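Before any comments, here is the structure.
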Amino acid sequence: MNLSDPVVSAAMIGASATVLTALIQLRISWRRELKERERGQPITKKTRRGPVTAVFALMIAAAVGGFALSQYFQSLREADRDALRADLQARLSEINATAMRLEQARTTERAQIENEAHHADAARLGDEGAVASAVVAPCKPECTEQTALRVALCARVPAAASVKEVQLYTRFEDSRQGWADSRVQAGQDAGEARFSEKTFERPDDGGAKQVCQGFVSWNREKSRFARILVKYAL
C-alpha cells in the first residue's frame with residue numbers, strides 16, 4: 001500500500017488530534033467521577049462508559065498513528081532506495097561512457113599504430129625497391145640493333161608511388177659478375193645490348209602501376225640477363 005506524503009501527514013495529524021482529544025476527555029471524566037464520589041452521588045453507566053470510550057478512542061488513534069508513522073518511514077526508505085538506485089544508475093552510465101571512450105581511444109590508437117607501421121613498411125619497401133628481370137635469347141643471324149627483338153622490363157609499384165630512381169643492370173647468362181658490377185646507364189651501349197633512354201609507366205590492377213624500361217640485345221651467341229630496380233616513395 002503506497003500513500004502519498006500529504007495523506008500520511010493528514011493521518012498522523014488526525015491521529016494526534018484524536019489522542020489529544022481522548023486524553024482531555026479521559027481527564028475530564030476522571031475528575032467528574034472524583035467529584036461525584038466526593039458528593040456521594042451514584043455513578044451512572046454513562047459516566048462509567050466515558051473512560052472506556054476514551055481508552056477505545058486512544059487505541060484507535062494509536063493504531064492509526066502507528067500505521068501512518070510506519071507508512072511514513074516506509075516512504076522515506078523507498079525514497080532513499082529510489083535515490084540510491086538513481087545514483088547507482090548514474091554512476092553505471094558514467095562508467096559505461098568512460099569505458100566506451102577508452103575503447104574508442106584504444107581503437108584510434110591501434111589504427112594509428114597500424115597506419116604508422118604500414119607507412120614504415122611501405123617506406124622500407126620503397127627504399128629496397130621493386131625488381132623486374134628477364135632473359136633475352138641470342139639474336140638471329142645477321143640481326144642488328146634495329147631488327148632485334150625489343151622487350152620491356154616492368155616493376156610493379158603502388159599507384160600513388162613517386163619514382164625516385166631506376167637502376168639498370170645487364171650481363172651475359174653465364175657470367176659470374178655480380179649485379180653491382182653489371183650496372184649500366186640508360187641509352188648506354190652495354191656490348192651489343194642497350195636500355196632505352198626513357199622510363200615509362202602504365203596502369204596495373206589492384207591499385208598499382210608498372211614502371212617500365214625498354215631493352216634490346218642483338219648479340220647472336222649468348223643470352224643476356226636484364227634487370228631493373230625501381231626505388232620509390234609514398
### Task
Pop out the carbon and sulfur fraction of the accessible area of segment 163-234 as a percent, whole number, probe 1.4 Å.
41 percent
### Query
Working out 0.36 nm times the residue gap between residue 140 and residue 234, then minus their Cα-Cα distance, what length gain in nm do you get to one decimal?
29.6 nm
### Query
How high is the FRET efficiency from residue 221 to residue 198, r the C-beta distance, R0 25 Å, rounded to 0.05?
0.30
### Task
Please give the length that would be gained between residue 81 and residue 133 if that part of the chain were fully extended, namely 0.36 nm times their separation in residues minus their C-alpha to C-alpha distance (nm, one decimal).
10.7 nm
### Message
Debye calculation, C-alpha points only, no solvent: report log10 I(q)/I(0) for segment 126-169 at q = 0.18, 0.24 Å⁻¹, in the same order as the q values.
### Response
-0.69, -0.92
### Task
Please go through the residue pairs 198/231; 164/209; 140/209 and name each one whose alpha carbons sit more than 26 Å apart in this structure.
140/209
### Cα centroid of segment 75-114 to Cα centroid of segment 123-180, whole Å
62 Å
### Message
Semi-axes of the equivalent ellipsoid for segment 125-204, please: Cα gyration tensor eigenvalues, times 5, square-rooted, ordered largest first, whole Å.
### Response
25, 16, 11
### Message
Using a Cα-Cα cut-off of under 20 Å, which aspartates and glutamates could be cross-linked to residue 222, ignoring same-chain neighbours fewer than 8 residues away?
### Response
142, 145, 173, 174, 181, 189, 192
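The values are calculated or read from the model by the stated rules, or taken from the named source; none is laboratory data. As the structure is a prediction and not an experimental result, all values here were calculated from the model. Because the Cβ atoms are built from the backbone with ideal geometry, glycine has one as well, and the counts that use them run over all protein chains shown. For accessibility, only protein heavy atoms count, side chains too; no ligands or nucleic acids. Shrake-Rupley method; radii C 1.70, N 1.55, O 1.52, S 1.80 Å.
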